[in-house]
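*Asks:* Sharing a structure below in structure tokens format, with a few things to ask.
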Amino acid sequence: MRRIPASFVKAFPVKIRIVQQLTAAAAGLVLLATAACGSPAATTSDTTSAAPEAAGFPLTMEHTMGSTSIETVPKRVVALDPSYIDAALLLEADLVGYVQYRQDPNAPFAPYLGDVADATKDSVNVGTLAEPNLEKILELQPDLIVSAKVRHEALYSQLSKIAPAIFSVSTGPTWKENVVFLGEALGKKAKAEELVKAYEDRAAKVGAEILAKKPDATYSLIRFTGGDTARLYSSNSFIGEIMADMNIPRPKDQPDSEKEIFVPLSAEQILQGDAGLVMVSAFIPAGAEGDKARAQQEAFQSNPLWERLQGEVINVDDATFLASVSIQGAHAVITDLAKHYGVDPQLP
């Protein structure tokens with residue numbers, strides 16, 4: 001049973017006493033139940049029926065913030081980044097805590113995940129992506145916390161006092177690797193690798209179907225976020241990697257970046273975003289930020305140059321095509337593209 005760190009007792013004295021009292025009471029009930037049954041805490045049959053992944057523990061994880069020891073198979077996981085929320089659900093982890101990353105508090109999980117009501121019925125919102133609540137995380141008594149350096153580097157030392165914490169460098173460019181990273185921490189690395197490969201195989205099959213039907217297919221994705229320039233997403237982006245896995249290329253001379261996930265396009269440069277298929281999305285949250293994105297999109301699309309785009313222009317869901325950064329989101333993108341081109345979606 002995990003001890004609550006002394007540093008956190010000083011920070012949250014009243015709540016900690018409550019948690020300690022409840023924990024002690026629960027421990028007492030377990031001991032009474034064991035004594036009443038006259039049975040040891042673990043029997044030979046318990047050991048032989050343990051999950052196969054338990055054999056890999058204790059486990060030492062090397063990651064961007066250092067080295068973390070995980071004593072037993074994690075059963076209570078807190079994910080502090082949307083991509084890791086998706087990965088935890090993909091790997092059937094017990095997601096006890098998550099950060100809010102969607103605007104609708106009544107629908108905290110993305111539609112592309114499908115029905116996750118049972119898997120998340122006991123999951124707790126632990127604050128926003130920008131400001132996770134350490135006190136709430138502490139109260140959940142997790143045995144694994146996962147996030148990324150790009151998100152919560154400043155909080156790592158505090159989080160690692162609550163529970164073993166592992167951080168990847170980033171989330172977007174390494175979304176497939178991060179599934180395997182979390183899978184290793186959960187004792188499910190082989191399963192994670194199988195799920196990544198299944199996605200890659202499906203992407204290649206659907207891409208081949210599209211190219212068989214339209215051999216000269218190319219793509220671009222232009223996004224509006226309310227700034228002075230639109231965003232032309234690069235080969236290094238989430239959509240860029242999906243399309244590469246489908247073997248569908250960008251136009252030969254289109255602006256690209258190996259370091260950034262997008263190339264800025266002014267209204268005068270919009271023809272540089274032309275392709276056989278021009279996907280268009282906009283980040284339109286409620287309030288002024290969303291209003292700016294809508295105004296920007298309207299301004300660009302009313303520009304006479306927009307009418308000169310030669311490719312087929314379609315609107316795509318921003319939350320899926322841009323923000324999901326997960327295996328489930330990538331599968332949803334593939335399904336939508338298969339429907340658009342009228343090919344076999346190769347559904348798993």
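*Asks:* Residue pairs, Cβ under 9 Å, 6 or more apart or interchain, first in region 321-335 and in the same structural domain as ALA110 (by TED's automatic domain parsing), second in a loop (DSSP other than H, G, I, E, B) and modelled with pLDDT under 95. List them.
*Replies:* Once the first residue is in the same structural domain as ALA110 (by TED's automatic domain parsing) and sits in region 321-335, no partner that is in a loop (DSSP other than H, G, I, E, B) and modelled with pLDDT under 95 comes close enough.
*Asks:* Okay, next question. Just to be sure I understand, how many residues within region 256-268 are out of contact with any strand residue (DSSP E or B) (no Cβ under 7 Å at 6 or more places or on another chain) and closer than 18 Å to THR218 by Cβ?
*Replies:* Final tally of qualifying residues: 0.
*Asks:* Show me the strands (runs of 3 or more DSSP E) entirely contained within region 252-348 in which 2 or more residues are aliphatic (A, V, I, L, M) and buried (at least 16 other Cβ atoms within 10 Å of the Cβ).
*Replies:* Here the list reads 262-265, 277-282.
*Asks:* If you take the residues in region 106-161 that are among the polar types (S, T, N, Q) and in a loop (DSSP other than H, G, I, E, B), which one is surrounded by the most Cβ atoms within 10 Å (Cβ to Cβ)?
*Replies:* Result: SER123.
*Asks:* What tally of residues in region 100-148 results from selecting those that are among the basic types (Lys, Arg), modelled with pLDDT of 95 or more and under 20 Å from TRP175 (Cβ atoms)?
*Replies:* Number satisfying all stated conditions: 0.
*Asks:* Could you please find all residues in region 318-348 being modelled with pLDDT under 95 and polar (S, T, N, Q)?
*Replies:* SER324
*Asks:* Follow-up. Considering only region 175-207, state which residues are charged (D, E, K, R), in a helix (DSSP H, G or I) and farther than 19 Å from PHE321 by Cβ.
*Replies:* Result: GLU177, GLU184, LYS189, LYS191, GLU193, GLU194, LYS197, ASP201, LYS205.
The values are calculated or read from the model by the stated rules, or taken from the named source; none is laboratory data. Note that this is a predicted model, so its numbers are computed, not measured. Methodologically, a virtual Cβ is constructed for each residue, glycine included, from the backbone with ideal geometry; neighbour enumeration extends over all protein chains shown.
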